[in-house]
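These notes concern the structure reproduced below.
The values are calculated or read from the model by the stated rules, or taken from the named source; none is laboratory data. No experiment lies behind these values; they were computed from the predicted model shown. Cβ: placed from backbone, ideal geometry, glycine included. Neighbour counts: every protein chain shown.
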Amino acid sequence: MRVIAIDGPAGSGKSTVARRLAERLGLEYLDTGAMYRAVTFAALRRGIDPADGDDVARLARDIELVVDDEGVRVDTVDATIEIRGPEVTRAVSIVAANPAVREEMVRRQRSWAESRGGGVIEGRDIGTVVFPSAELKVYLTAKPEVRAARRSKEVTDLDYQTVAADLARRDALDEGREASPLAEAEGALVVDTSNLSVDEIVDELQRRLP
Ligand code: DC
């Protein structure tokens, strides 16, 4: 099984880099953040409080969840757009901090990779927890103002200050939580993407592949 693990904070360039690397290598790509967002979406839709650990954990085990090139579907409902919206973005950190939800997502991520012979997988705990023996582990980072500028280009309905504040809040929650906090994996290649183009980053990753 050929797994490439890409972790890092929001706006570090993970999705763009992971997608392009997957294309070049002929592998499939998995956005695990979309999975935590999809569970959050499902909870909000069913009126479950995202902070209710047991109910959200049960939901995470029960829902049918598909994340692929066409988008994200939760129990056949298309959630591609809504998982990026402000309600889900506000509530996702508490769902991602739930250890039982994480356990279920990790189980699904491993089975996704096993059934495909591997893939390029991005998230926060891929190199540290999900695939510590991945053939390449990468930790992408960038200056906070660069990351906030990238995010505010994606979310056109919010101003830069709001996006920057939200990013800082989520970074603190992702790094500070007890269950699988965002951290550099042992042996990870650390790349600061602040001043690099996507192709420069992907070239560097390809050079490092065994
Ligand atoms: O990458 P993103 O912004 O779509 O991720 C959404 C949230 O999910 C973010 O707050 C971090 C969390 N997450 C996580 O805890 N573990 C992962 N493997 C991926 C995302």
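Results, tabulated for the structure shown:
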quantity: Check on residue 165, without any contact (Cβ under 8 Å) to a residue 60 or more places away in the chain and either farther than 19 Å from residue 133 by Cα or polar (S, T, N, Q) (or both); calculated: yes
quantity: When residues of segment 30-61 are limited to those that are among the small types (Gly, Ala, Ser) and more than 15 Å from the chain's Cα centre (by Cα), the one farthest from the ligand (Cβ to nearest atom); calculated: 47
quantity: Residue match in segment 2-9 (condition: within 14 Å of the ligand (Cβ to nearest atom), over 20 Å from residue 124 (Cβ atoms) and not aliphatic (A, V, I, L, M)); calculated: no
quantity: Sole residue being over 30 Å from residue 209 (Cβ atoms), surrounded by fewer than 21 Cβ atoms within 10 Å (Cβ to Cβ) and out of contact with any strand residue (DSSP E or B) (no Cβ under 9 Å at 6 or more places or on another chain), chosen from 148, 100; calculated: 100
quantity: Output for segment 162-180, where each listed residue is touching a helix residue (DSSP H, G or I) at 6+ places or on another chain (Cβ under 9 Å), more than 11 Å from the ligand (Cβ to nearest atom) and within 24 Å of residue 86 (Cβ to Cβ); calculated: 162, 163, 164, 165, 168
quantity: Condition check for residue 33: at pLDDT 95 or above, assigned to a helix (DSSP H, G or I) and within 29 Å of residue 75 (Cβ to Cβ); calculated: yes
quantity: Test result for residue 148, in a loop (DSSP other than H, G, I, E, B) and touching a residue at least 60 places away in the same chain (Cβ under 8 Å); calculated: no
quantity: Candidate set: segment 151-210, residues that are of a type in the set (Val, Ile, Thr) and part of a loop (DSSP other than H, G, I, E, B); chosen: the one modelled with the highest pLDDT; calculated: 193
quantity: Members of segment 151-181 that are surrounded by 15 or more Cβ atoms within 10 Å (Cβ to Cβ) and basic (Lys, Arg); calculated: 151, 170, 177
quantity: Whichever residue in segment 36-66 is of a type in the set (Val, Ile, Thr) and without any contact (Cβ under 8 Å) to a residue 40 or more places away in the chain and, among such residues, is surrounded by the fewest Cβ atoms within 10 Å (Cβ to Cβ); calculated: 66
